[in-house]
1. Can you give the charge dipole size of the chain about its Cα centre, rounded to the nearest 20 debye, using +1 on the beta carbon of Lys and Arg and -1 on the beta carbon of Asp and Glu?
2. Calculated from the structure, Cα extents along the principal axes in Å equals which of (1) 53, 38, 32; (2) 55, 49, 27; (3) 68, 40, 29?
3. So what's the gap between the Cα centers of segment 28-90 and segment 123-170, to the nearest angstrom?
4. Just from its helices, what would the mean residue ellipticity at 222 nm be for the chain, if runs of 4 or more DSSP H residues each count -39500 (n - 2.57) and the sum is divided by every residue, rounded to the nearest 500 deg cm²/dmol?
5. Work out the charge dipole of the chain with +1 on the Cβ of Lys and Arg and -1 on the Cβ of Asp and Glu about the Cα centre, then indicate which of Tyr29, Ile152, Tyr77 is farthest towards its positive end.
6. Taking 0.36 nm per residue of separation and subtracting the Cα-Cα distance, what length does fully extending Arg156 through Ser128 add?
7. Using a 1.4 Å probe, what is the accessible area per residue for the chain, in Å²?
8. Over segment 40-170, what is the relative contact order in percent, taking alpha-carbon pairs closer than 8 angstrom and at least six residues apart?
Amino acid sequence: MKAKKEPCPECAGKKSTSPDEHMMSFVRYLHLFAPVTTESFYVLDIPQKQFCYVKPDNLFLCGFSVDDAQKDGYGFYSKIVYSEDLSLWTDMRREVLRYLKYFEAKRNEIDYFSCTFRLQRHHPISPSHPFPQMIYHRMKPVWVDNKLRYLICSVRTSTIKEAGHLCVYN
């Protein structure tokens with residue numbers, strides 16, 4: 001029987017000494033995980049208000065590149081979230097962060113949050129009139145050194161007809 005090879009040997013058994021080192025290790029593992037999952041996903045660095053990883057998948061990117069998302073940070077949402085749902089999405093993200101802060105002592109009881117909203121798709125037939133696509137969005141909080149550091153977010157299409165439906169799962 002072969003010994004199991006560590007995919008990130010330089011990280012094995014080591015504790016990161018800085019947030020940047022931690023993020024680099026984390027992103028290496030995400031690159032390994034991305035090809036085996038069918039859902040679109042990305043990771044938000046909460047303190048930096050940036051994407052630290054975006055799976056190169058068109059469902060979330062809506063025709064934009066990973067570089068576009070990482071360059072624009074939170075501003076990227078204004079490019080992909082349907083204009084009528086943008087304030088709803090902003091409010092939901094803010095409420096999730098507020099909830100996590102308020103219930104920080106009970107963070108181990110929180111599994112994930114979910115909500116629905118529409119992304120805007122551009123089609124070559126009608127490039128100036130995007131069409132909406134409802135998505136189901138999950139957000140899993142990740143704590144590093146007892147501080148909220150990341151939200152791992154997954155995105156998939158939804159048959160739900162209305163945006164909103166913010167829920168917390170314990």
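The values are calculated or read from the model by the stated rules, or taken from the named source; none is laboratory data. Only a predicted model underlies this, so the values are computations on that prediction, with no experimental measurement involved. FYI the Cβ positions are ideal-geometry reconstructions off the backbone, even for glycines, and counts take in every protein chain you see. When the accessible area is computed, the model is the full protein with side chains, heavy atoms only, and any ligands, DNA or RNA have been set aside. Shrake-Rupley method; radii C 1.70, N 1.55, O 1.52, S 1.80 Å.
1. The dipole magnitude comes to about 380 debye.
2. (1)
3. Their Cα centres are 10 Å away from one another.
4. -8000 deg cm²/dmol
5. Value: Tyr29.
6. 7.6 nm
7. Each residue of the chain exposes 61 Å² on average to a 1.4 Å probe.
8. 28 percent
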